[in-house]
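Note sheet for the following structure.
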Amino acid sequence: TRELVEYCQPSVMVSKKGVNIGIIGAIGDCYSSISGDKRDGFYFVTGSSLTSLVQAEAEKLREEGADFIIYSVHEDMSGYSDGLSQYVDIVFEGHSHQAYVRTDGKGVYHLQGGGDNSGISHAQVVINYANESYKVQSAEVVRSSVYGAYDKDPLVDELLKKYADKISLADQV
């Protein structure tokens, strides 16, 4: 139908310490990585059409008061238009299983943590309340071997338990 399915929303707004953070999610071009029979009946927006959707969603979030916009997409930066960077502040990527931190022509950070849980994309954003500016201070890929140094997050632990059966499927060939 080319209509958004009822259980998905293209974005969400969260507030942390007085900062409104818009988060936009997309799958991107995953046709080559999902078996044909698993994607039958589904259509994924790609290329400039996806960029147009991200632009519209980012503009909507800004109108709703977003101070900073995160874009999470299951695609690496070579798979979509660089033009979307003028609408978002940082991009967390996936799909190619590479580990990198890059900036594009607009100075927007693109992070991908590798594959098979080998790393976590991590960025630190500095908030200047005086002039209401937000800047990525640092960006890195944290290797899984150092996860233990981070405090446990009860919400993450709860989600891991809830979806343990589904997560285990990722290890099957």
task: Tell me, yes or no, whether segment 49-64 has at least one residue that is in contact (Cβ under 8 Å) with a residue 12 or more places away in the chain and in contact with a Lys or Arg (Cβ under 8 Å, 6 or more places away or on another chain).
output: no
query: Which residue pairs have Cβ atoms under 8 Å apart, sit 6 or more places apart or on different chains, and have a first residue in segment 109-120 that is farther than 20 Å from Y87 by Cβ and a second that is of a type in the set (K, R)?
result: S118/R143; G119/R143
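Output yes when any residue across segment 118-129 is of a type in the set (F, W, Y) and open to solvent by less than 70 Å² (accessible area, probe 1.4 Å), and no when none is.
Among the residues of segment 118-129, not one is of a type in the set (F, W, Y) and open to solvent by less than 70 Å² (accessible area, probe 1.4 Å), which makes the answer no.
Which residue is nearest to S32 (Cα to Cα), if the candidates are limited to segment 59-79 and must be assigned to a loop (DSSP other than H, G, I, E, B) and open to solvent by less than 20 Å² (accessible area, probe 1.4 Å)?
Ranking the qualifying residues of segment 59-79, first place goes to E75.
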- line: All-but-one check, S15 against (1) over 23 Å from A139 (Cβ atoms); (2) not in a loop (DSSP other than H, G, I, E, B), failing number (1)
- request: Being open to solvent by less than 90 Å² (accessible area, probe 1.4 Å) and hydroxyl-bearing (S, T, Y) is the filter; apply it to segment 12-36 and report the residue that is farthest from the chain's Cα centre (by Cα).
  value: S35
task: Identify the single condition in (1) over 19 Å from P10 (Cβ atoms); (2) modelled with pLDDT of 85 or more; (3) open to solvent by 50 Å² or more (accessible area, probe 1.4 Å); (4) not basic (K, R) that D82 does not satisfy, given that it satisfies every other one.
output: (2)
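Counting only residues that are closer than 20 Å to G22 by Cβ and open to solvent by less than 100 Å² (accessible area, probe 1.4 Å), how many does segment 132-143 have?
Total satisfying the criteria: 4.
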- line: Over segment 37-58, the set of residues outside any helix (DSSP H, G or I) and either of a type in the set (D, E) or open to solvent by 70 Å² or more (accessible area, probe 1.4 Å) (or both) is D40, G41, F42, Y43
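The values are calculated or read from the model by the stated rules, or taken from the named source; none is laboratory data. The model shown is predicted, which means the values in this text are computed figures rather than measured ones. Cβ coordinates were reconstructed from backbone atoms using ideal geometry, including for glycine residues, and neighbour counts include every protein chain displayed. Accessible surface is based on the protein model in full, side chains and every heavy atom, while ligands, DNA and RNA are left aside. Shrake-Rupley method; radii C 1.70, N 1.55, O 1.52, S 1.80 Å.
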